Structures are given as C-alpha cells and as structure tokens.
Amino acid sequence: MSKRYEMRFAGSGGQGVILASVIIAEAAVIAGLNTVQSQAYGPEARGGVSKAETVLSCDKIWYSKVTRPNFLLALTQASLDTYTRELAEGAVVMMDDGLNCPADLDPARVISVPILQTAKEKVGKAFTANIVAVGAINRALRLFSDKDLMEGVKRHIPAGTEEINQKALAEGAALISDAQAEAFAQTIG
Amino acid sequence: MPSDLIHQYMRIDHLPQIWCPGCGNGVIMRDVAVAIDELIQDEENDFDRDDFVIVSGIGCSSRAAGYLDFNSIHTTHGRAIAFATGIKMANPKLNVIVLTGDGDCSAIGGNHLIHAARRNLGLTVICFNNDIYGMTGGQYSPTTPNGDKATTAPYGNVDRPFDIANLATGAGASFSARGDVFHARETTEIIKKAILHKGFSLVDVYSVCPTYYGRKNKKGDAVEMLKWQRDNLIPTARYYSMSEELRAGKKLIGILSYNDYPEYTEEYAKVIAAASNKAKK
Amino acid sequence: MSKAVLMQGNEAAVEGAIAAGMRFFAGYPITPSTEIAEQSALRLPQMGGKFIQMEDEISSIAAVLGASVAGMKAMTATSGPGFSLMQENIGYGVMAEIPCVIIDVQRCGPSTGLATSPSQGDYMQAKWGTHGDHPVIALSPSSVLETYTLIIRAFNLSEKYRTPVIFLMDEIVGHMREGVELPNPNDLIINRRKMSFHDGANKECYYVPEGKYVPAMKPFGQGERYNITGLAHDVSGFPVNSNEIADKLVTRLLDKVEKNVDNIVRVEEYLMDDAETAIVCFGGTARAAMDAVNAARAQGRKVGLFRPITVWPFPEKKLLARLPQLKNILMVEHNHGQMLLEVQRVTRCEKPVHFLGRVDGTVISPDDILAKLNEMEDTNHAE
C-alpha cells in the first residue's frame, strides 16, 4: 500500500464503529503502517449517525480527514444512504445485510453480510458487532496478519474479554468467502 | 501582650492598615493572629509557623493577608477558596487559612464556598462579614439585611440576605461557626477550633462598618454598633440558657454544626495508593 | 512488531505533561478537551500526583495557580467558553509570575458555537484575552507526537520565564490518533524553577539582578515567608501606589518575553528555501497545508510552508527574513483572519497577503488550498 487509503466507519451511537476504526488504526501501527484516525465526537455522536475514519498509507500522512473513502462500513440505513454519496471511484462498501442497498452502488463492489445477526446469534453478544465487522473487513481486504489484528483488538478491550472478541473476529472472517477475499484484496493496490 | 503580637506576627513596615477608624476588621485580624500564636505555642500541636498560608480575595478584609507575616497570597475577587484548594491539595501539611469578606465569599465566590464545603477539603475560611461592599464605597452585599440602604439600594434593599454560617452548613461543611468583633475572646477560641478541625471549617465573623453601612443606616458610630453586637449576638452557654422568648431576634455566637466527615486530601491519598498499586500490577 | 503505539492528541498532551513533571491538574469537563481531564484523573494518582474536578473553569485555573505556588508543576485544560472564564486569573498568573500551563483545545465559537468542530478562533484571545498589557507565550502543535514534545517545552518555558504558557491545540489534533514512538523525555525537560531567591536579594521574592528579567522564589511552605498579590507590587511583593514602580514592573514583565524572543520562537519551514509563495499556517490546519505544498510542488510550483510553532510571540524576524524571496503569501487558518492580522502587520503588506479561512465547522482540505493557490495565480496573470 503506497498511496493513501481512506476508510470510513458509520453506524448509530452505541454500535462501536469508532472502536472498529481505532482497532484498524492500532493494527496498522503494529504492522508498521502510517495511520491517522479521527471521529465525530460529542453531541454529533449521540444517537443519529456516528462516524469514524482511518487513513492508511506507507507514506507520511498529513491531512487527517477522509474526503473520498475507498472503503465504507455501514451498519445503519441512514449511514449507508448518507455516506454512499461521497465514495471514491471503485470504493468497497461493507453493509449489514439487513439494509437496503442503494441502487447507485455497483453490486460488484458491495459486501452485504449479516454482521449484527452474527454478533447476536453466533457470538452471542450484540455488542460484539463492531469486532465481527473488523474480522470481516480484514478478511476481505487482507490488511493485517491475524496476529497483528488480535494485538490491536487486545489493546482496546477490557481484560478478560479476549476469548469472546477472538470468537467475534473469527465469525466475522467466516462471513467472507474465499472468492470475495480474492476479489476485494485487489482493490487496495 | 498586644504589642508583642504585632511585632511577631504583623508586617510592621506595612502598617498602619488601610481600614477606616472604627472598622471591625482589625479586631478579627488580631483574633486570627492570637489563635495561630496560641496554637503554635501549644506544643501538643506541632505547628510550624511556615506551615501556615494565608489566602485572601479582594475587598477590605482581604488586605489582612498582606499585614500578617506568614506565607500570604492576595488573589482575585471571589477566588481565594479556589486558590487555597490548589495550595492544600499540592501540600496537605500546610494550614491554609482563607480570609475573605461577605461579598468575596458569598457573592462572587459563593460557588467556590459551597463546593469546598461539600468536598470537606481541610481549609479554614474566616469571613469578615460587615454586610456591605466597603472597598468600592458601600454597595449592598448578599448579607445586607432586607430593607437596609446602600449606594446601590437607595430605596432600601429588596434582596433577602444569606446567613453565611447556615449556608456553609447547608452545603455540607463539617464545621460551621459564627463569631463577632465584640466577643473577641470567644471568637478567638472558635477560630482555634476551626483551624484544628481536620476538614473544611468556616467561621462567619460579624464585623462592623461604621463608615459605609452604619452611617447609611443610622446605626450610630462604632461603639454603638459594638453595643448592638453585645446585646444581640450571644455566646453559646448563655444562648442555650435563655428562653425561646428571650432568644427572639438574637443570634448564637459559637459552633453551629460539627461533623467528622472524611477530609478530602486524606481521601485523595487513598486514591493515590489504589492507583499506584494498580499501576504496579 | 513496531514499538509505536496509537495515541490520541489529547492523551499525548497528558503523557507529555506528566513526563515534564506535571503533578497537579484541575479542570472542568468541556468538549473537545475532556479526554485531557479524564486521562489526568487516571494517570496522575499513579504518579503520586493530584487531580481535582473543580466547580468551573475559574476555580480550575485558580487551583492550578495555588498548586504552583505550593511547589507543584500544574496544568488545566479547556476549550473556548472555559478559556474565556479563565482570562482574569491568567492575568493574575502573569502579574504574580506563577508558572503553569493552560491547554485550550479550540472549538468553533463565539459562545457555545459548534462544540465538536475544529477552529482556531482563540488565537487572538490567547494574546489579548486578559486585560492590561502583558506578555504571552503560546505554542501550537500539529501532530500527536509534537503535542507530546511541545507540551514539555511549554512547561520548560513556563518555569524558565515564570509565566503561564498557553498551549493552543485544536479539535483536529486533540481528537486525532496517530502511531507515535515517544522519545526519551529526559532529553527534553528542565528542572523545577530555582528554589531560592537570587543572590543579593534581601528576602525580596521579586528581586531581579541587573540584566536579568526573571525573579526566583521558593514555593510556600519551604521556609521563606513572602507575599503574592495581583496588585502592582514592589520587589518584596507588597502592593504599592507608585507609578514609577508599576511602570518598572510591567516593563520587566513584557521584557521577560521580548528580550528572550529568539529563544522562545520556533518555526517549521518546509520547502521554503526557493519558495516564491509561502503558506503561513499553524496547528492542525497545517496538515492540509503540508499536502497542498507537496501537490503544488508536484505541479512545479515554488510553494513552501511557514509554520509558526510558537504562535505568540509571533515569529516576526523569521517571516521577515523570507519576505524578499516571496512573490506572495497565503494565510490559511480556521477563523475569519486572526494570524492574518499579524502577517499583515509584520510584512506591512509589502507582498500581497491572501487569505483562506473558515468558520463553518468543516475542515479546510488540501484541495481547498490548491484551489486558492490557483485563484492567486489567475489574479497574478490578470495583473
């Protein structure tokens, strides 16, 4: 990855999209990549649309904000509809499969997977949806080694919750087929 | 001996003080100096003079900090208790005494007063309460009685006044007391107890301002105003021996409330102990 | 595995301050500075230090000054509304010469404004917020790592010159996370201020020998009794009604910073050697300017970045030194033109000074700056 890769994580307050964005950035630091992470805070982040951003690059990153996301994670219809409008050309969108895919998105660039359902039913805790998403993102985009990603997760979860988070990562990764992983890893360059 | 006291605890170079003839503030400042002196003399206390810090705000009373020969800091209007909070937190072994006035302490600084009382931080607050803003020439304060006149209440004050000692009690002060200028010996003893008290202590000391408050409200000269204190402010023992009827319109001089709530810096020391242990793990 | 860790700007401010020896923090919650209070509450007691959440920002700065007087390196953090409340006591710290650090993580104003949006609208307030003529040292970081190293410098300057130092952050840097490898702080820190009066002082706490500007004094409780006041005072710290002494005092306070300006001022100059256009930009905004400079260079245009790190006093001499080589200047800041006034004053507008600012809460992007550079070029051609 030589050029700037912009990622946006959107959902509603409480879904943990900020933490998902932070964990991707932490894993990037561990892997020796340059990264800048930021988010909408405060009143903006209460209810409604919540968003966080991570920029990755092999080069020094100056401008910290995402303007044309190469990747979008959307966990609510509102966030999907809002941020679809600003995507870069060829951007990949990961959405929860309970949402309606906007008509103007190229289906070949959309990963629609049951993130919320997997967290609730397979992992057994709805609040692990963000970690499930991180597992799915990493499997689809092949950003980091499993070890670096888990280390990134560990630095941001309470002690004693490693096992359930490990499971959430694995269940997330399992949502992505080999064919999908093959196809989307090439979108990073 | 008063003259010894002056040489020992006052900054002679900076006297005479700025207060008007008949002002009660000098008496209260003397009470504070005597209280500290007696506490230092008493070997049981192990008090070092350099462990005393006098903190004041702005107003007539707050000039006292500069006259008393201790570590002294004359801060901004209303903020003496907040400055004192930092001093006490930084070095809890210091005896931090705040000298303030009714306006400084209960108007502009009222928020800091109630929160220091609530925290039970080990400060001693001595309020020189003369019912008026003297430094600026006689405007009504939060303790000016309803109906009284001031330059900013030319038709009589429509505000209802605070009773500062009761205010402190209501805010959770673990030691709240009232003193006055006339009963100097009793007030000195109360101040000693307040300084010895581990938690937050407040002594609301009724001063007299014949120049601005007295003259405007036809209260007579300083002697007349002190006579009023003699007849209407009653030390504890006598107060409780009086019938309800006789007590009407009179106020108690003494300790109004007392509790041994945990002191703030001691509680924070426990936080440090807990946090350092956790950090080591 | 890399040794770097992901750290937020606000968090780096606390870690840097603790490395510099900060052991007292008093503050009041306010977006976007709150993480600084939270991190201080967590970290200070681990170091034997103290944290207190005060009833407002006025008492926060007062407690900080009190703790400093009693011998602790002390800090507070706030944002615009709280910074406004602190102004009177900042002036007290200047007048009474009490070291401390005040962080202002700027947000959009005026008033409650846009609480979570980035701004640099407190630039002028940092200089002129408290009443009366007074010196100000203000520093502004552009990255998480620089937040760490620069706040250590803020404490050093505060101790050295015995004056409050304003650490002017913005929401961009405060809330941003970057991977950082923290340097060894021991290389960066100066010790606590001198613990005794200057030689020749007759127990006069504000005595300053000829040719020096900064008094030396022990903290309270260490065996010297003296008086501190915000009134005009003489060398012994007592109020005086002398016009001559008041003049001498205020002049010395101003000289403290003015005569040492070359030691206080720091600037980053990026690709300025052959630059014909200088983008002047500070704090988090400079990150967009950096990308814009690189993009403009890629198009073969001679653009450089002049980034004041010390924002007060303004780096006057350094900008003037660049003036002869420049065709024009572009000031970029998240306000309606505040540092712009300094640039115009210093350069006397001998070269055209253009401006790109914003107050709507959105962030100026590299593309915005490039567009402005294009517009400037078109103007030149038109001339």
- Sole miss for residue C:205 among (1) crowded, with 24+ Cβ neighbours inside 10 Å; (2) over 25 Å from the mean Cα position of the chain (by Cα) is condition (1)
- Failed item in (1) within 14 Å of chain C (Cβ to nearest Cβ); (2) in contact with an Asp or Glu (Cβ under 9 Å, 6 or more places away or on another chain), with residue A:58 passing the rest: (2)
- Task: Find the residue count for the range C:286-315, including only residues that are more than 14 Å from chain A (Cβ to nearest Cβ) and within 21 Å of the chain's Cα centre (by Cα).
- Result: 9
- Message: Among the listed residues C:19, C:41, identify the single one that is assigned to a helix (DSSP H, G or I) and away from every other protein chain (no Cβ under 12 Å).
- Response: C:19
- Task: State which residue is farthest from the other protein chains (Cβ to nearest Cβ) when the search covers only the range C:348-374 and only residues that are touching a Leu at 6+ places or on another chain (Cβ under 6 Å) and at pLDDT 95 or above.
- Result: C:351
- The one condition residue B:131 fails out of (1) on the phi > 0 side of the Ramachandran plot; (2) under 13 Å from the mean Cα position of the chain (by Cα); (3) among the acidic types (Asp, Glu) is (2)
- Task: Mind listing whichever residues of the range C:82-138 are of a type in the set (Val, Ile, Thr), out of contact with any Asp or Glu (no Cβ under 8 Å at 6 or more places or on another chain) and farther than 22 Å from residue C:217 by Cβ?
- Result: C:103, C:112
- Note on the structure: Going through the range A:14-27 in order, the residues found to be among the hydrophobic types (A, V, I, L, M, F, W, C) and more than 7 Å from every other protein chain (Cβ to nearest Cβ) are A:17, A:18, A:19, A:20, A:23, A:24, A:27
- Item | Residue, nearest to the other protein chains (Cβ to nearest Cβ), within the range C:72-91, restricted to residues that are assigned to a helix (DSSP H, G or I) and touching a Gly at 6+ places or on another chain (Cβ under 6 Å) | C:87
- residue C:28 meets each of (1) away from chain B (no Cβ under 14 Å); (2) within 20 Å of the chain's Cα centre (by Cα); (3) of a type outside the set (A, V, I, L, M) with one exception, condition (1)
- Taking the range B:196-215, which residues are touching a helix residue (DSSP H, G or I) at 6+ places or on another chain (Cβ under 6 Å), outside any loop (DSSP other than H, G, I, E, B) and over 22 Å from residue B:250 (Cβ atoms)? B:201
- Could you tell me which residue of the range C:44-59 is farthest from the other protein chains (Cβ to nearest Cβ), considering only residues that are under 27 Å from residue B:75 (Cβ atoms) and among the polar types (S, T, N, Q)? C:53
- Note on the structure: Flagged in the range B:73-97 as within 7 Å of chain C (Cβ to nearest Cβ) and under 13 Å from residue B:116 (Cβ atoms), in numbering order, are B:79, B:82, B:83, B:84, B:85, B:86, B:87, B:89
- Message: Go through (1) more than 9 Å from chain C (Cβ to nearest Cβ); (2) touching a helix residue (DSSP H, G or I) at 6+ places or on another chain (Cβ under 7 Å); (3) under 30 Å from residue B:228 (Cα atoms); (4) of a type outside the set (Gly, Ala, Ser) for residue B:58 and report which single condition fails.
- Response: (1)
- Identity of the residue in the range C:360-373, farther than 17 Å from residue C:278 by Cβ and charged (D, E, K, R), that ends up surrounded by the fewest Cβ atoms within 10 Å (Cβ to Cβ): C:360
- Report the residue count in the range C:326-359 for those that are touching a residue at least 12 places away in the same chain (Cβ under 8 Å) and exposed (fewer than 13 other Cβ atoms within 10 Å of the Cβ). 2
- Check every one of the helices (runs of 4 or more DSSP H) wholly within the range C:94-194 and list those with 2 or more residues that are over 20 Å from residue C:268 (Cα atoms) and out of contact with any strand residue (DSSP E or B) (no Cβ under 8 Å at 6 or more places or on another chain). C:123-128
- Can you find even one residue in the range B:236-245 that is touching a helix residue (DSSP H, G or I) at 6+ places or on another chain (Cβ under 9 Å) and within 30 Å of residue B:55 (Cβ to Cβ)? yes
- Taking residue C:35, is it within 12 Å of chain B (Cβ to nearest Cβ), closer than 22 Å to residue C:171 by Cβ, surrounded by 20 or more Cβ atoms within 10 Å (Cβ to Cβ) and over 17 Å from the mean Cα position of the chain (by Cα)? no
- Members of the range C:61-71 that are assigned to a helix (DSSP H, G or I) and either in contact with a helix residue (DSSP H, G or I) (Cβ under 7 Å, 6 or more places away or on another chain) or within 7 Å of chain B (Cβ to nearest Cβ) (or both): C:61, C:62, C:63, C:64, C:65, C:66, C:67, C:69
- Query: If you go through the range B:133-166, how many residues are in contact (Cβ under 8 Å) with a residue 60 or more places away in the chain and acidic (Asp, Glu)?
  - Reply: 1
- Item | Sole residue being in contact with a His (Cβ under 8 Å, 6 or more places away or on another chain) and either crowded, with 22+ Cβ neighbours inside 10 Å or more than 14 Å from chain A (Cβ to nearest Cβ) (or both), chosen from C:188, C:253 | C:253
- Query: So which of B:271, B:223 is at pLDDT 95 or above and either more than 11 Å from chain C (Cβ to nearest Cβ) or in contact with a Leu (Cβ under 7 Å, 6 or more places away or on another chain) (or both)?
  - Reply: B:223
- Show the residue pairs that are 6+ apart or on different chains and have beta-carbon atoms under 9 Å apart, the first residue being within the range A:161-189 and on the phi > 0 side of the Ramachandran plot, the second being buried (at least 21 other Cβ atoms within 10 Å of the Cβ). A:189/A:5
- Item | Residue satisfying all of: in the range C:114-149; within 12 Å of residue C:80 (Cβ to Cβ) and free of Cβ contacts under 8 Å to residues at least 60 places away in the same chain; surrounded by the most Cβ atoms within 10 Å (Cβ to Cβ) among these | C:122
- Residues of the range B:24-54 satisfying the condition of being more than 21 Å from residue B:7 (Cα to Cα) and in contact (Cβ under 8 Å) with a residue 60 or more places away in the chain: B:45
- Message: For a quick check of your reading of the model, give me the residue pairs whose first member lies in the range B:240-268 and is within 19 Å of residue B:163 (Cβ to Cβ), whose second is of a type outside the set (Ser, Thr, Tyr) and surrounded by fewer than 12 Cβ atoms within 10 Å (Cβ to Cβ), with beta-carbon atoms closer than 9 Å and at least 6 apart or on different chains.
- Response: B:250/B:231; B:254/B:237
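The values are calculated or read from the model by the stated rules, or taken from the named source; none is laboratory data. Worth saying up front: this structure is predicted, and the values here are computed from it rather than measured. So basically every Cβ, Gly included, is an ideal-geometry build from the backbone, and we count neighbours across all protein chains shown.
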